[in-house]
Amino acid sequence: MTSPALNSVSFSELSRSHSSASLYHPLGPSNGNTDSLPVRCLQTLSQKSGQQVHSPAPFSDAASSMTTSTQLTDSDAVMSLAHTERYVFSGSQNGNIYVWDRDTYQLEHTMVEAHKRSVLALVLDDDNDILFSAGGDGKVKAWDAKTFAFLYLIIPGDNVGAVLSLAYSKKHQVLVLGCQNTSIQWFSIKHRHEANQEDKDRELAARRSKFFDNAASCGQVDESILKSIKAKADAEALADYELVHSPLNDEFVIFDNSIIPHAHYGFVYALLIGTLPETSEREILFSAAGDGEIKLWEVTETEVKPLKSMYQNREDIGNIHSLVVDDGMLVAGFQGGVIEIWDLETMQKIKVLRGHTDDILSLAFNDHHLYSASADGTIRIWGPNFDAIASFDAHPAERVLSMMILADEELIVSGGSDNTIKFWEIPFFSDSKFELPHANGKSPAVVAKSTASPKRRIRNQMLTSLDQWVGIKSVSDVPELQTECRKAARYLRDLMRQLGAIESQLIPGEEGRNPIVYGRFGPSGSPAAQAKVFEDFELNPHGEEPLTPAVQSDKHLPANAPTVLVYGHYDVMPSGDQSQWDTDPFKMAGSGGYLYGRGVTDDKGPVLAILFAVADLQRENKLDMDVVFCIEGEEEAGSIGLYQAVENHRNIFGQPKLILLSSSYWLGEQIPCLTYGMRGSIRASIEIESSRNADVHSGVWGGAATEPLTWLSHILSKISSPDGRVLVPGFEDGVAPVTESEEKNMRELVHTILTKEEQPVMVGGIPFTSHQKGDNSGLEEQLYNQLMKRWRFPTLSVHHITVSTSASRENTTLIPSAARADISMRVVPKQSINKIADQFQDYVTKVFNDILSESSSALAVTGNAQRNMKDELKLHLTVNPVARWWLADPNHPFSSAAREAIAAEWNSSSGSSAPSTDPNNTDPKEQNPAPLLIREGGSIPAVPWLEEFFGPDATIINLPMGQSTDNAHMSNERIKLVNLVKGRNVVSRLLQLIGPHFNQKQ
């Protein structure tokens, strides 16, 4: 049967057209239903303007109940998918084609309005150089799969309607089209230039389809025809006319001799190129349509010849939406959820699978396992014998419209009617059993021996490790979670062993506090043993004893051996108000190229990036020095017990020449940074306490009782002014004057930020928008002053004011018996932290005594004989120097090497998840500038202490991986995946660059 051309192609309309009143359910054994199982979702991307999803899908458990069947109405639904080694292409219902980087999950490019209507099919040529797209507008377009440039247009035959499916013959370089008008058409890519322009123009002029009425060329056709065409052409037709006849483009026509007009009696939904068991040299085209029939055709360079129909008499006929072939078996996905299995040698149907409740829109094979995607929102997995193994809700309450397998990464990619593309880890199957970690922690996560490429396997294992580590609630300074902290420590120790550490152990910290994780990698590690450990990668997400401990070396590190010491921490801040999180803070989620969860950026993500970089180098026999890890569990609580533990185990760390950490953030979003300085920190509290032991009512005792909160307020007014000036005498003593070169460098940095950052930069809560029009001098001055105050000068901040009881905090009529203020001071290079602390203590004590003296004098002057009616006040003052300032030499050879490594990595191909060794392997886009040298206003107590403890030859590099909007310590903490991957690569580059300084390779 034929069908009229559609003005607008809707997937739901097409999928329901040409079907009989009842759905076809052939008789056959039911395979039963499987329970919905958790499958790991690595990332969720949204085609809606290429933005991240508001509520990311949980990384570990994306299974949830499907409640309703949703019609396809959103214009960004994911209609089709394709991929190359580097990119994933997704075709949308709004006509766009989106290009996603496979390593970073970032939107690389958008082919805006690639088609006027839905992009219904995508297919690549044999070399993955050309992407072909077919749309509801009845056109096929060719695109450069590397540069995304439009190459040429293929115009199908007359009245084609929508082009619903594509197949590419690699052997003959022939592109086959399945069409809405029931035709099958083909076009020889190899011989596309053989038809002359005059023939093409005459063919186009002869057609009267709505899609092509305007496509004639004025050079070779009758002027009256062209005039008639132009008279009735709308804006879309004129746009097509200009596109086809642009001198920059080329167009080709499918002539009648390459068209089978009524190949089926229904829309041709599915095409597939394959072979038959007995004739593997001959390419066979399989086609399926709305008539419920499967046909076989032979494909040659010049024609598509009919061979056989696999139609059987049925009581009901249903659309066939999808086809796939594996090992002599043809699988067809039907309307209504039925799957048929056909033996291609006997041409017999051998099995019918049931389990889905709606149309089977996509099918795929991987390792002889069948994957079926349905409009019911689920993906089901069937074993080699087609037994039902697993099912999960890929797009709950929506439709799975497209699906493909990335075999080199062992990932399932699904596209849904909810505008999202999701990347799922293919679970490991052993004897058709589904193995995943159990919630009770009794079973480990298992990763099978992988067929994935090494660099992507490493990335995925790093993400798997981070997912499991984030799931451990290692919040320090919370007694109820101390067991979780120890689990997190043991997990990291075990992971180091699995990655081939020469040594790994837990070092006890202060009694009752969390341990330190120590690990060592180096040239003496056995690459063969490490490779085996890495290949048979096993992780324990619950901190039990390792199932397969790696063999630990009995060769201890000489005390004077030069080393690189990696410092970090596994403890995290509390999650706070969970209602402010879009997902569970302790279940890592992937969305829009970001990873979300507590600790992903501070500091579990960066720690694992460094760990995997070091393990990679050791496994590849490229590690020229011993690298020791010191990962503490009390950083967020003030590094309690760290110093004593390191002193007690001084010999196992060797003599660090470099101390490496990643515990700071970029200044903006686009430009990588290197941190070379941080301010020091002093914490203090001022408490004014009354001699009375209870709060009193202001209506009863007001005027007769002294008021600690008033006294405290007066003291606070004496130590700082509203404009931020610190009034403590000598507070700015020792601050070095700003040199001309320092000011010049800072102003250049500010200018770079405002001209190179593409998004607004949040500095101190104030947005500074890049690429401002007009004079930016005022904005630059404002940003310059703010950064100088944050980095270069000392500050004092009042954080909290609390009163004695909860009643006095809530009852506005009570006078509290005590009031306390918590204060921090930040000191800068050249200042003495102890001197500032002493000056603050002396000054506050003096202010209190002065107020006390003034109050006593006032009472004496007024002749108040009832002095004893007033209660006495006491000052409780604590001042604690927490951290010294730290300032590195940005011109040190190791700092120079770090800048070189950062620049090389971020100017290399953005899609690479392994360091490029080719200096010419760069993007065609403008390269990033050199990393920004920045300082931090915050403090890390361990950094200056480690530098001082290990002596003057120890240099510190603080390598930021996170961006300014990573929300560390806040809700929706995140890190960009590309930053984590490239951060690992930067560490790898850096260690190789500084290797000659160690001269220790064995």
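So that you can scan it fast, the table gives a plain yes or no per residue for (1) open to solvent by less than 40 Å² (accessible area, probe 1.4 Å); (2) modelled with pLDDT of 95 or more; (3) of a type in the set (Ser, Thr, Tyr); (4) closer than 30 Å to residue 714 by Cα:
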site	(1), (2), (3), (4)
864	no, no, no, yes
870	no, no, no, yes
891	no, no, no, no
895	yes, yes, yes, no
900	no, yes, no, no
949	no, yes, no, no
955	yes, yes, yes, no
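Going through (1) out of contact with any helix residue (DSSP H, G or I) (no Cβ under 8 Å at 6 or more places or on another chain); (2) of a type outside the set (Lys, Arg); (3) surrounded by fewer than 23 Cβ atoms within 10 Å (Cβ to Cβ) one by one, residue 670 falls short only on (1). Residue count for segment 933-947, restricted to those that are within 16 Å of residue 881 (Cβ to Cβ) and buried (at least 17 other Cβ atoms within 10 Å of the Cβ): 7. When restricted to residues that are within 27 Å of residue 40 (Cα to Cα) and open to solvent by less than 40 Å² (accessible area, probe 1.4 Å), segment 454-483 contains 19. Of all the residues that make up segment 192-206, how many are closer than 13 Å to residue 257 by Cβ and exposed (fewer than 13 other Cβ atoms within 10 Å of the Cβ)? Qualifying residue count for the region: 1.
In segment 410-430, of all residues being open to solvent by 10 Å² or more (accessible area, probe 1.4 Å) and touching a helix residue (DSSP H, G or I) at 6+ places or on another chain (Cβ under 9 Å), the one that is farthest from residue 369 (Cα to Cα) corresponds to 425.
Of the strands (runs of 3 or more DSSP E) entirely within segment 318-409, those holding at least 3 residues that are open to solvent by 10 Å² or more (accessible area, probe 1.4 Å) occupy 320-326, 348-353, 360-366, 388-393, 400-406. Of the residues making up segment 251-284, those that are surrounded by 15 or more Cβ atoms within 10 Å (Cβ to Cβ), part of a strand (DSSP E or B) and among the small types (Gly, Ala, Ser) are 270, 274. For segment 964-979, the tally of residues that are open to solvent by less than 10 Å² (accessible area, probe 1.4 Å) and more than 18 Å from residue 572 (Cα to Cα) stands at 2.
In a residue-by-residue description of segment 123-130, the property of being buried (at least 22 other Cβ atoms within 10 Å of the Cβ) and part of a loop (DSSP other than H, G, I, E, B) applies to no position.
Residues of segment 809-823 that are open to solvent by less than 10 Å² (accessible area, probe 1.4 Å) and closer than 21 Å to residue 790 by Cα: 823 alone.
Residue-wise test of (1) of a type in the set (A, V, I, L, M); (2) free of Cβ contacts under 8 Å to residues at least 40 places away in the same chain; (3) within 18 Å of residue 833 (Cα to Cα); (4) open to solvent by 50 Å² or more (accessible area, probe 1.4 Å).
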{"position": "714", "(1), (2), (3), (4)": "no, no, no, yes"}
{"position": "720", "(1), (2), (3), (4)": "no, no, no, no"}
{"position": "728", "(1), (2), (3), (4)": "yes, no, yes, no"}
{"position": "732", "(1), (2), (3), (4)": "no, no, yes, yes"}
{"position": "736", "(1), (2), (3), (4)": "yes, no, yes, no"}
{"position": "743", "(1), (2), (3), (4)": "no, yes, no, yes"}
{"position": "746", "(1), (2), (3), (4)": "yes, no, no, no"}
{"position": "749", "(1), (2), (3), (4)": "yes, no, no, no"}
{"position": "752", "(1), (2), (3), (4)": "no, no, no, no"}
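Within segment 153-164, the only residue that satisfies the criterion of being within 37 Å of the chain's Cα centre (by Cα) and open to solvent by 10 Å² or more (accessible area, probe 1.4 Å) is 164.
Look at (1) modelled with pLDDT under 95; (2) buried (at least 20 other Cβ atoms within 10 Å of the Cβ) and you find that residue 858 fails only one, number (2).
Before we move on, is residue 847 modelled with pLDDT of 90 or more and of a type outside the set (Lys, Arg)? When the stated conditions are applied, residue 847 passes them.
The values are calculated or read from the model by the stated rules, or taken from the named source; none is laboratory data. Bear in mind that the values here come from a model prediction, so they are computed numbers and not experimental data. Quick reminder, even Gly has a Cβ in these numbers, built from the backbone with ideal geometry, and neighbours come from all protein chains shown. Ligands, DNA and RNA are excluded from the accessible area calculation, which covers all protein heavy atoms including side chains. Shrake-Rupley method; radii C 1.70, N 1.55, O 1.52, S 1.80 Å.
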